[in-house]
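Enquirer: Attaching a single structure in structure tokens format; questions to follow.
The values are calculated or read from the model by the stated rules, or taken from the named source; none is laboratory data. In this text the structure is predicted, and so the values were computed from the model without any measurement. No Cβ is skipped: glycine too gets one built from the backbone with ideal geometry, and neighbour counts run over all protein chains shown.
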Amino acid sequence: MYAQLVETGRERLQSRAEMSADEQAFQERIDAGIKIEPKDWMPEGYRKTLIRQISQHAHSEIVGQLPEGNWVTRAPTLKRKAILLAKIQDEAGHGLYLYSAAETLGVSRDELLAALHSGKAKYSSIFNYPTLSWADMGAIGWLVDGSAIINQIPLCRCSYGPYARAMVRVCKEESFHARQGYDIMMALCRGNAQQKQMAQDALDRWWWPSLMMFGPSDAESVNSAQSAQWRIKLASNDELRQKMVDQSVPQTEYLGLTIPDPDLKWNAETGHYDFGAIDWSEFYNVLKGNGPCNRDRLRTRVEAYESGAWFRDALAAHADKHRAGA
Amino acid sequence: MSKEWPLWEVFIRSQHGLAHKHVGSVHAPDAEMALNNARDVCTRRNEGVSIWVVKAADITASSPGDKGPLFEPANSKVYRHPTFFPMPEEVKNL
């Protein structure tokens, strides 16, 4: 999931009787499937949780450009380079749609960016892993964007209008990302033994972090229960993760690669693939800032922002001058 | 930190002769940059042939509380719809 472990500020779920009249009316609208729009009344917890979730999602899109940026100048062909640039530009666009959606809740984009740059705001754990070979561009598009799509499709139906509308656009564009990734994997797997080994190596490194993207099991989580009641979370982390595993197995078989999980096997009874235990200590460690690239990602992001300051200031000065002259 | 750029609402007319439709918002220091940003953010896949940008602060919007007085009067005027008037089978072209 692009937004992981989103806090709702709740210690337990509120019952109907405990809700104020406004809160009850609000919950009834949500239960009836009516979208909440920016000017509508909403509980403070709903507003704050959405800001956290949407901004974390936006930050993930923005930081998500960095691992791929590593390969723009090293893409194997001009065509692959143009495609990769278009994908990275899409990620910037997705971040901007999401910041706009968050801004309708009464925060400014500059405030959100400041929270990212100071390290206060989180982004998805997945982007703190390094991109060591060209095959990683394939694995990221296929698995990471694949996981993102699984997570984002239900959000197109979420209760907050601006977020749902942003997700519709994002999902449409995201399928290009997943396909271009799989296309890179196919090309490598049809290549020589060394190229196929590159693809296998990328799968080995990205498989488990991709499954971790959905976050730990939230069957017992009060935050998830609250978010589900508000319809800003529409499926459990485990359900989404299972979907990812189920769809990835045949895709991997087609490539002739092996998923790095000895416990992975078809379960005819459940109609799903069983898979091995996830090392959650790795996930928490990355979230805490100790992943392989946390410091590097944030430093690169802040540097890019600061190096662009003179240009943003010049644009503002130009606009001010012409306004004054008008 | 530099001062914040104002917010602009973006409207796009798609290729099929439809009206401009709201598609999102961008930040920009002036109208010209707002158009440039709207092009980059909202038309990467041939979504349109024309862009309008309007300063968000210049838009006056109805508030959710006014929904009743504004829109309810239309509810009781079903005769504004042609289907309100059943026509005899044998009468044509109406």
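Enquirer: Could you tell me whether region B:48-55 includes any residue that is part of a helix (DSSP H, G or I) and either in contact with a helix residue (DSSP H, G or I) (Cβ under 6 Å, 6 or more places away or on another chain) or over 30 Å from A:Y305 (Cβ atoms) (or both)?
Expert: In the first step, residues of region B:48-55 are kept if they are part of a helix (DSSP H, G or I); the result is none.
No - not one qualifying residue is present in region B:48-55.
Enquirer: Exactly one condition in (1) touching a Lys or Arg at 6+ places or on another chain (Cβ under 7 Å); (2) in a loop (DSSP other than H, G, I, E, B); (3) away from chain B (no Cβ under 14 Å) is not met by A:L105; state its number.
Expert: Just one mismatch for A:L105, condition (3).
Enquirer: Same structure, new question: Filter region A:167-176 down to residues that are over 13 Å from A:I232 (Cβ atoms) and among the hydrophobic types (A, V, I, L, M, F, W, C) and give me whichever is surrounded by the most Cβ atoms within 10 Å (Cβ to Cβ).
Expert: A:V170
Enquirer: Could you run through region A:141-157 and say how many residues are crowded, with 24+ Cβ neighbours inside 10 Å and among the hydrophobic types (A, V, I, L, M, F, W, C)?
Expert: At the first step, the residues of region A:141-157 found to be crowded, with 24+ Cβ neighbours inside 10 Å are A:141-148, A:151, A:155.
Right, trim to among the hydrophobic types (A, V, I, L, M, F, W, C) and you get A:142-144, A:148, A:155.
Of the residues in region A:141-157, 5 are crowded, with 24+ Cβ neighbours inside 10 Å and among the hydrophobic types (A, V, I, L, M, F, W, C).
Enquirer: For region B:33-48, does any single residue satisfy the condition of being hydroxyl-bearing (S, T, Y) and at the interface with chain A (Cβ under 10 Å from one of its Cβ atoms)?
Expert: There is no residue in region B:33-48 that is hydroxyl-bearing (S, T, Y) and at the interface with chain A (Cβ under 10 Å from one of its Cβ atoms).
Enquirer: Of everything in region B:1-13 that's surrounded by 16 or more Cβ atoms within 10 Å (Cβ to Cβ) and either within 19 Å of the chain's Cα centre (by Cα) or among the basic types (K, R) (or both), which residue is nearest to the other protein chains (Cβ to nearest Cβ)?
Expert: Across region B:1-13, the extreme among qualifying residues is B:L7.
Enquirer: Provide a single number: the residues in region A:83-124 that are more than 14 Å from B:D40 (Cβ to Cβ) and not polar (S, T, N, Q).
Expert: Qualifying residue count, region A:83-124: 25.
Enquirer: Residue pairs, Cβ under 7 Å, 6 or more apart or interchain, first in region B:54-65 and within 12 Å of another protein chain (Cβ to nearest Cβ), second part of a helix (DSSP H, G or I). List them.
Expert: B:S62/B:L70
Enquirer: With the requirement that a residue be crowded, with 22+ Cβ neighbours inside 10 Å and within 15 Å of A:S248 (Cβ to Cβ), what does region A:177-188 give you?
Expert: If the condition is that a residue be crowded, with 22+ Cβ neighbours inside 10 Å and within 15 Å of A:S248 (Cβ to Cβ), then A:G181, A:M185 are the ones that fit.
Enquirer: Now for a separate question. If only one of A:W310, A:W266 is modelled with pLDDT of 95 or more and within 14 Å of another protein chain (Cβ to nearest Cβ), which one is it?
Expert: Exactly one of A:W310, A:W266 is modelled with pLDDT of 95 or more and within 14 Å of another protein chain (Cβ to nearest Cβ), namely A:W310.
Enquirer: Give the number of residues within region A:6-53 that are within 14 Å of another protein chain (Cβ to nearest Cβ) and either of a type in the set (F, W, Y) or closer than 28 Å to A:A115 by Cβ (or both).
Expert: Residues that pass the stated criteria total 9.
Enquirer: Could you grab me the full set of residues in region A:62-86 that are in contact (Cβ under 8 Å) with a residue 24 or more places away in the chain, out of contact with any Gly (no Cβ under 7 Å at 6 or more places or on another chain) and either of a type in the set (S, T, N, Q) or buried (at least 17 other Cβ atoms within 10 Å of the Cβ) (or both)?
Expert: Within region A:62-86, A:V63, A:G64, A:Q65, A:L66, A:P67, A:E68, A:N70, A:W71, A:A75, A:R80, A:I83, A:L84 qualify.
Enquirer: Do we have any residue at all in region A:179-201 that's within 13 Å of chain B (Cβ to nearest Cβ), basic (K, R) and in contact (Cβ under 8 Å) with a residue 24 or more places away in the chain?
Expert: As a first pass, look at region A:179-201 and keep what is within 13 Å of chain B (Cβ to nearest Cβ): none.
Looking for residues that are within 13 Å of chain B (Cβ to nearest Cβ), basic (K, R) and in contact (Cβ under 8 Å) with a residue 24 or more places away in the chain, one finds none in region A:179-201, hence no.
Enquirer: Ok, one more. I need the full set of residues from region A:92-110 which are free of Cβ contacts under 8 Å to residues at least 60 places away in the same chain and crowded, with 17+ Cβ neighbours inside 10 Å, in order please.
Expert: If the condition is that a residue be free of Cβ contacts under 8 Å to residues at least 60 places away in the same chain and crowded, with 17+ Cβ neighbours inside 10 Å, then A:G95, A:L96, A:Y99, A:A102, A:E103, A:V107, A:R109 are the ones that fit.
Enquirer: Name the residues in region A:208-228 that are outside any loop (DSSP other than H, G, I, E, B) and either free of Cβ contacts under 8 Å to residues at least 12 places away in the same chain or in contact with a helix residue (DSSP H, G or I) (Cβ under 7 Å, 6 or more places away or on another chain) (or both), would you?
Expert: A:P209, A:S210, A:L211, A:M212, A:S227, A:A228
Enquirer: Here is a follow-up. Can you pull out every residue in region B:18-42 that is part of a strand (DSSP E or B) and under 12 Å from B:L7 (Cα atoms)?
Expert: Those that are part of a strand (DSSP E or B) and under 12 Å from B:L7 (Cα atoms): B:G24, B:S25, B:V26, B:H27.
Enquirer: Taking A:Q229 as meeting all but one of (1) surrounded by 17 or more Cβ atoms within 10 Å (Cβ to Cβ); (2) within 14 Å of another protein chain (Cβ to nearest Cβ); (3) among the polar types (S, T, N, Q), write down the number of the exception.
Expert: Result: A:Q229 passes all but (2).
Enquirer: Moving on. Return yes or no: is B:R39 out of contact with any Phe, Trp or Tyr (no Cβ under 8 Å at 6 or more places or on another chain), surrounded by 13 or more Cβ atoms within 10 Å (Cβ to Cβ), charged (D, E, K, R) and closer than 20 Å to A:G93 by Cα?
Expert: yes
Enquirer: Any residue that is surrounded by fewer than 24 Cβ atoms within 10 Å (Cβ to Cβ) and closer than 28 Å to A:W41 by Cα - is there at least one of those in region A:122-140?
Expert: yes
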